[in-house]
Amino acid sequence: GAVVSQHPSRVICKSGTSVKIECRSLDFQATTMFWYRQFPKQSLMLMATSNEGSKATYEQGVEKDKFLINHASLTLSTLTVTSAHPEDSSFYICSASDGGGADTQYFGPGTRLTVL
Amino acid sequence: EDKVVQSPLSLVVHEGDTVTLNCSYEVTNFRSLLWYKQEKKAPTFLFMLTSSGIEKKSGRLSSILDKKELSSILNITATQTGDSAIYLCAVEADAGGTSYGKLTFGQGTILTVHP
């Protein structure tokens, strides 16, 4: 099956710093990538959708200047959390789609971000 | 606003038991309903349902959609300890002419299967 990787798997940073999370599709070309966040014992919340070579579409309530998304190639999307604060601590999961239906949306293993 | 609600939120059973997980939704422009299993990390795809009344089956797992009742159930028979996980229900809604839809997830059901 299709494989999506995320790096790093966990990161701890100080308040005010920026953190970059990478999402890669390893064996297919991802025309669309999605970024979610998941709080403990809560659901996955879609943050933004990105298409290769174009600007990301952010969900309502998600600050685009705080969560910078770049989808520079068909196999890589990055999420940068700028000026991170403790309330940004969460589990961030990406998924990638090759343009098929929702059942072809493959999830990465997630990145645990802890902001001190 | 699209909404997906799962019940129960958690369930503890013993090996061999049969469980039924529920998912109900209120979504504009429904396209499909999906079930995922999440074991600590990435959700893994189980089923995608688009038509009412047609059961999808994979081994001991099965699922069915009721579009009239805006709900779906996921059944697991003869549960094993390896079935312990969070089971997520997500509903896909049309996203304005794109091939992919936007997924709205429920809060998940935490299933624990004891030996």
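The values are calculated or read from the model by the stated rules, or taken from the named source; none is laboratory data. Note that the structure is a prediction, hence the values are computed from the model and not measured. Neighbour counts run over all protein chains shown; Cβ positions are idealised from the backbone, glycine included. Please note that ligands, DNA and RNA were not included when accessible areas were found on the heavy atoms of the full protein model with its side chains. Shrake-Rupley method; radii C 1.70, N 1.55, O 1.52, S 1.80 Å.
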Filter segment B:5-41 for residues that are touching a Pro at 6+ places or on another chain (Cβ under 9 Å) and crowded, with 21+ Cβ neighbours inside 10 Å; the one that is nearest to B:Ala90 (Cα to Cα) is B:Tyr36
Any chance segment A:47-70 includes a residue that's assigned to a strand (DSSP E or B), within 9 Å of chain B (Cβ to nearest Cβ) and in contact (Cβ under 8 Å) with a residue 60 or more places away in the chain? no
For B:Glu55, work out the one condition from (1) away from every other protein chain (no Cβ under 14 Å); (2) in contact with a Phe, Trp or Tyr (Cβ under 9 Å, 6 or more places away or on another chain) it doesn't fulfil. (2)
In segment A:22-64, which residues are more than 15 Å from B:Phe105 (Cβ to Cβ) and in contact with a Cys (Cβ under 7 Å, 6 or more places away or on another chain)? A:Cys23, A:Met33
Scan segment B:42-80 for residues that are closer than 22 Å to B:Gly16 by Cβ, surrounded by fewer than 19 Cβ atoms within 10 Å (Cβ to Cβ) and of a type in the set (Gly, Ala, Ser) and jot them down. B:Ser58, B:Gly59, B:Ser62, B:Ala78
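For segment A:35-44, state whether one or more residues are of a type in the set (S, T, N, Q), within 18 Å of B:Gly101 (Cβ to Cβ) and either within 14 Å of chain B (Cβ to nearest Cβ) or touching a Pro at 6+ places or on another chain (Cβ under 9 Å) (or both).
yes
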Hey, could you check segment A:88-116 for residues that are free of Cβ contacts under 8 Å to residues at least 12 places away in the same chain and assigned to a helix (DSSP H, G or I) and say which is least open to solvent (accessible area, probe 1.4 Å)? A:Ala102
Of everything in segment A:61-74 that's touching a Phe, Trp or Tyr at 6+ places or on another chain (Cβ under 8 Å) and open to solvent by 20 Å² or more (accessible area, probe 1.4 Å), which residue is farthest from A:Ile21 (Cα to Cα)? A:Lys64
Out of all the residues in segment B:30-52, which are more than 8 Å from chain A (Cβ to nearest Cβ) and of a type in the set (A, V, I, L, M)? B:Leu33, B:Leu46, B:Leu49
Segment A:11-34: number of residues that are outside any loop (DSSP other than H, G, I, E, B), within 14 Å of another protein chain (Cβ to nearest Cβ) and open to solvent by 80 Å² or more (accessible area, probe 1.4 Å): 1
